[in-house]
Amino acid sequence: VPSVTPTGRSSYSAQWVGMDGVSSASLIQAGTQANFVNGTSRYSAWWEILPAPAVAISTLTVRAGDVISVSIARVSAGRWRIALTDRRSGSFSTIRDYAGPGTSAEWIVEAPFIGWRIPQLAAHGPVVFDNAMVNGGMAHLSIRDAGAMIRRGVLVDTPSAPDADGNGFAVAEQA
């Protein structure tokens, strides 16, 4: 979980793992938020299945620097387990219906929608995704899989090349 630093106004960031967001309107996802709101850094965990809104996970107390593991896995036809583990504060799991096509996996850092708009991205420290798995095996990430965040023509966040074993990368905010 990245730390966020003060900005002149409220700002938001989400770090998440999901499935199906690339080429489908369906999306199942879970992750954390690191926000700076009304002069205070705030951190939280959540899960979401579109088109429903995100659901806060109040049983996890997330802090900057926490290591979070996220798993989204099919347990039976149309039933999926969403699980988050915070090495410091515990774990959460739920099983939900999801009928998406299962055609892509994503590891994302973004400025999330707040209401019906995309707010200012929170000034955040590095976000590291590691040990990424797809279909029960390690992901074989390529730099061609990466996408940078651009806002109003300005590069905001950039992913690194994949790590040596091809299953992780970091996202750094541009200065």
(request) Run the dipole for the range 67-175 about the Cα centre, Lys and Arg Cβ at +1, Asp and Glu Cβ at -1, nothing else charged, and hand back the magnitude in debye, nearest 20. (result) 380
(request) Hey, can you find the accessible area per residue of the range 1-155 for me, probe 1.4 Å, expressed in square angstrom? (result) 56
(request) Enumerate by residue number the chymotrypsin sites (Phe, Trp or Tyr not before Pro) in the range 52-134 meeting two conditions: DSSP loop (anything except H, G, I, E, B), and at most 15 other Cβ atoms within 10 Å of the site's Cβ. (result) Phe113, Trp116
(message) Out of the total accessible area of the range 24-144 (probe 1.4 Å, heavy atoms of protein only), what percent is carbon and sulfur?
(response) 54
(request) State, to one decimal in nm, how far the label point of Ala170 lies from the label point of Ile150, with both points 7 Å from Cα in the Cβ direction. (result) 2.5
(request) Let me know the shape class of the range 73-175, please: from the alpha-carbon gyration tensor, a ≥ b ≥ c as square roots of the eigenvalues, rounded when a/c is under 1.5, otherwise prolate if a/b is greater than b/c, or oblate. (result) prolate
(request) Taking all protein chains together and a probe of 1.4 Å, list Asp163, Asp130, Asp86 from the most accessible to the least accessible. (result) Asp130, Asp163, Asp86
(request) Calculate the spin-label point distance for Ser71 paired with Thr94, positioning each point 7 Å from the Cα along the beta-carbon direction, and give it in nanometres. (result) 1.8
(message) Given points 7 Å out from each Cα along the Cα-Cβ axis, report the Val134 to Ser24 separation in nanometres with one decimal.
(response) 1.4
(message) Taking the Cα centre as origin and putting +1 on Lys and Arg beta-carbons and -1 on Asp and Glu beta-carbons, what dipole magnitude results for the range 9-141, to the nearest 20 debye?
(response) 280
(message) Net charge within 12 Å of Tyr43 by Cβ-Cβ distance, Lys/Arg positive one each and Asp/Glu negative one each, not counting Tyr43 itself?
(response) +1
(request) Could you run the Debye sum over the Cα atoms of the range 11-83, one equal point scatterer each and no solvent, and tell me log10 of I(q)/I(0) at q = 0.20, 0.27 Å⁻¹, two decimals? (result) -0.90, -1.34
(request) Return the sequence-ordered ³J(HN,Hα) values of the range 44-61 in whole Hz as given by the Karplus equation 6.51 cos²θ - 1.76 cosθ + 1.60 applied to θ = phi - 60°, using x for Gly and Pro. (result) 7, 10, 7, 9, 7, 10, 5, x, 5, x, 4, 10, 5, 9, 6, 7, 10, 9
(request) Using only alpha carbon pairs under 8 Å that are at least six residues apart, calculate the relative contact order of the chain and give it in whole percent. (result) 22
(request) Of the options Gln15, Ile114, Leu84, report the single residue whose Cα projects farthest towards the positive end of the charge dipole of the chain (beta-carbon charges: Lys, Arg +1; Asp, Glu -1). (result) Ile114
(message) Tell me which of Val67, Ala54, Ile28 sits at the most positive position along the dipole axis of the chain, charges placed on C-beta atoms (Lys, Arg +1; Asp, Glu -1).
(response) Ala54
(request) Take the range 1-141, compute every pairwise Cα distance, and split them into 10 Å bins from 0; I just need the percent in each bin. (result) 12, 42, 35, 10, 1
(request) Go through the range 2-8 residue by residue and turn each phi into a ³J(HN,Hα) via Karplus (6.51, -1.76, 1.60, θ = phi - 60°); whole Hz please, and just put x for glycine and proline. (result) x, 7, 10, 10, x, 10, x
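The values are calculated or read from the model by the stated rules, or taken from the named source; none is laboratory data. All values derive from a computational prediction rather than experimental measurement. Virtual Cβ from ideal backbone geometry, glycine too; neighbours counted across all protein chains shown. The protein model used for the area step is the full one, side chains on, heavy atoms only, and it has no ligands, DNA or RNA in it. Shrake-Rupley method; radii C 1.70, N 1.55, O 1.52, S 1.80 Å.
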